[in-house]
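A quick write-up on the structure given underneath.
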Amino acid sequence: MKKYLLWDFDNTLAYRDGMWTQTIYELLQEEGMAAIKLEDISPHLRTGFPWHTPELSHEEFFKGNSWWEHMNLYFSKIIFKLGADEILACKISSRIKEKYLDASKWSLYEDTIPCLIHAKEKGYENIIVSNHVPELVELVEKLGLTDFFSEIYTSAKIGFEKPNINFFKKVLNELGETSNVIMIGDNYRADVEGATNAGIKAVLIDRKNCYTDNTCIRVTNLLELLDNKVFINEKGD
């Protein structure tokens, strides 16, 4: 019987300091817009990404545009609002993809690789299921994680965002045998509720220990999973 662990990516296995806000901030600084602060940027990014409206399919959300075509226009409008002229806003927006995916800006958590190794030793197949950009596979490779995963699913390719049940149905249909599947992620709504609604057992990774909901399995670091019988240490192991 196959056993699968479905892993979220951002803030579960890896992180980029400041995420999109920091990316835009760095580019603004490089283009001489030194007066713009991080706190000026972040309010503009609270809506507008596809994962902010997961009830919509990408067909509905992007309306025929590619992922980056849509997002570049979205970013350029924000940068224009921050004070750049249209030409500069388009220039900065066109550089966001490369800057955001710069692997030197990303870090793995200390517990990521030890837990992935242990999971494979226990006979689990590790699979990434993430709300992410189309280039997630390339980013995972640059971070040296490819060999730990049998599949990598990004919402940008699936066409739905977690917690939309169609995201999980797509993954489960491709796995085939799904009687032993566990989801691990840091977002309660996307990862825990989404997986649960699809009939998947879920574990919340709460690194900042800020969730008070005790209705789900919760750990503060991935190493805790090694001793969690519900998760890995099956009877007889």
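Quick note: the coordinates plus some simple rules give every number you see, no bench work behind them. In this text the structure is predicted, and so the values were computed from the model without any measurement. With ideal geometry, Cβ positions are generated from the backbone for all residues, glycine too; neighbour counts draw on all protein chains shown.
Table for the structure above
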{"quantity": "Any pair with Cβ under 7 angstrom, 6 or more apart, that starts in segment 134-149 at a residue that is under 21 Å from K97 (Cβ atoms) and ends at one that is surrounded by fewer than 17 Cβ atoms within 10 Å (Cβ to Cβ) and of a type in the set (D, E, K, R)", "calculated": "P134/K157"}
{"quantity": "Qualifying residue in segment 105-117 (condition: under 18 Å from L6 (Cβ atoms) and small (G, A, S))", "calculated": "no"}
{"quantity": "Leading residue by the ranking (surrounded by the most Cβ atoms within 10 Å (Cβ to Cβ)) among those in segment 130-177 that are among the basic types (K, R) and in a helix (DSSP H, G or I)", "calculated": "K170"}
{"quantity": "Residue that is nearest to D191 (Cα to Cα) [pool: residues in segment 118-129 that are part of a helix (DSSP H, G or I) and of a type outside the set (K, R)]", "calculated": "A119"}
